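*Asks:* Handing you this structure, nothing more for now.
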Amino acid sequence: MINLIILKNPFSPQNREIKQVDYIPGQPVFHYIQPEMFGHDEVVISRNGQIVPTEEYHSLVPMPGDYLAVCPVIAGSGDTGKDIARAIAMIGLAIVSMGAGSVVAQGAFWGPGFVGAAQWGWGSYLAAAATWAVGGWLINKAFPPAKEEEPKPAYDWSQRGPITTEGNAVPITFGKVRMGVMSPIQILSQRVTTNGEKNYLNILMSGGEEVDAITDITINDQPAENFPGIEIHKRYGTNDQTVIPGFDDTWEETTVGVELTGTTWVT
């Protein structure tokens, strides 16, 4: 018979399984553990307390009565070396806990004279469980599970609909007017541009005709100068004025519903 110690979750040391399977002459160690580790791409195997090199998984043939311990390497934490170390530590703990149970049963810690779990009394099981619990706690302290990254908050611009459209009248402004309070802000056009992970709102507003100066611009009652990265461009309706950046073309967003493949642009 071949004795198997199966640890299917290195982060849950209390969950292990000990079983015996029939010995098949000529079969390598991987043959015995493969049914137990189905679905795991990477595992760590120990034979009689010795870690089996990966390149020997399909060539090393165990002997009847051997103890094979196996533990998966959990993928996805971004630290493969740490995961392998944890898996090896868990296998070592399984061997130590079995050895503790054998010693309490008047047997050897390992090798000749080792007493298997089938011949243990309650004292041996208690010793093995205590060793497993303490060892598992120490391993979790040394190799804590990777913490999941907190999702980053995502923000987007909530655009207001234009209240002034082509062909409609633009009012004449008399005196000093606080736009947005004494008179509604006239939104002529707006668009959102993206640069990497940042979105930029470009908004074109009108203060009316015959405006001589635009001053004291605020955002949420705070001076616009308090917000870094904001650009303000003013035009007063002169014949020689330049186009406001971001509004030098007519555009419209249209969903095309085409899957992007390779580096081909779809417009």
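The values are calculated or read from the model by the stated rules, or taken from the named source; none is laboratory data. All of these numbers come straight from a predicted model, not from anything done at the bench. So basically every Cβ, Gly included, is an ideal-geometry build from the backbone, and we count neighbours across all protein chains shown. Keep in mind that these areas ignore ligands, DNA and RNA; they rest on the heavy atoms of the full protein, side chains included. Shrake-Rupley method; radii C 1.70, N 1.55, O 1.52, S 1.80 Å.
*Asks:* Across region 79-117, what is the total count of residues that are assigned to a helix (DSSP H, G or I), at pLDDT below 70 and open to solvent by 30 Å² or more (accessible area, probe 1.4 Å)?
*Replies:* Of the residues in region 79-117, 6 are assigned to a helix (DSSP H, G or I), at pLDDT below 70 and open to solvent by 30 Å² or more (accessible area, probe 1.4 Å).
*Asks:* Okay, moving on. In region 192-204, what count of residues is obtained for those that are open to solvent by 100 Å² or more (accessible area, probe 1.4 Å) and of a type in the set (A, V, I, L, M)?
*Replies:* Number satisfying all stated conditions: 0.
*Asks:* In region 193-216, is there at least one residue being over 25 Å from GLY175 (Cα atoms) and assigned to a loop (DSSP other than H, G, I, E, B)?
*Replies:* For region 193-216, residues over 25 Å from GLY175 (Cα atoms) and assigned to a loop (DSSP other than H, G, I, E, B): present.
*Asks:* Identify all residues within region 2-22 that are modelled with pLDDT under 70 and either outside any loop (DSSP other than H, G, I, E, B) or buried (at least 21 other Cβ atoms within 10 Å of the Cβ) (or both); write none if there are none.
*Replies:* Within region 2-22, PRO10, PRO13 meet the criteria.
*Asks:* Out of everything in region 23-40 that is crowded, with 16+ Cβ neighbours inside 10 Å and of a type in the set (Val, Ile, Thr), what residue ends up being nearest to the chain's Cα centre (by Cα)? Please lay out each step first, then the result.
*Replies:* Step one: list which residues in region 23-40 are crowded, with 16+ Cβ neighbours inside 10 Å, which gives 28-33, 36-37, 40.
From what is left, the residues that are of a type in the set (Val, Ile, Thr) are 29, 33.
Numbers: VAL29: 34, ILE33: 30 Å.
Within region 23-40, the match that is nearest to the chain's Cα centre (by Cα) is ILE33.
*Asks:* Is there any pair linking a residue in region 16-29 that is within 10 Å of PRO62 (Cβ to Cβ) to one that is open to solvent by less than 60 Å² (accessible area, probe 1.4 Å) and outside any strand (DSSP E or B), with Cβ under 7 Å and at least six apart or on different chains, and which?
*Replies:* So the pair list comes out as GLN27/VAL61; PRO28/TYR57; PRO28/LEU60; PRO28/VAL61; VAL29/VAL52; VAL29/TYR57; VAL29/LEU60; VAL29/PRO62.
*Asks:* Shifting gears a bit: Are any residues in region 41-73 β-branched (Val, Ile, Thr), open to solvent by less than 50 Å² (accessible area, probe 1.4 Å) and either at pLDDT below 80 or in a loop (DSSP other than H, G, I, E, B) (or both), and if so, which ones? Give the steps one after another, and end with the answer.
*Replies:* First, the residues of region 41-73 that are β-branched (Val, Ile, Thr): 43-45, 51-52, 54, 61, 70, 73.
From what's left, open to solvent by less than 50 Å² (accessible area, probe 1.4 Å): 43-45, 52, 70, 73.
The answer is VAL52, VAL73.
*Asks:* Looking at region 217-231 only, could you name the residues that are out of contact with any strand residue (DSSP E or B) (no Cβ under 8 Å at 6 or more places or on another chain) and either closer than 23 Å to ILE172 by Cβ or in a strand (DSSP E or B) (or both)?
*Replies:* THR218, ILE219, GLN222, PRO223
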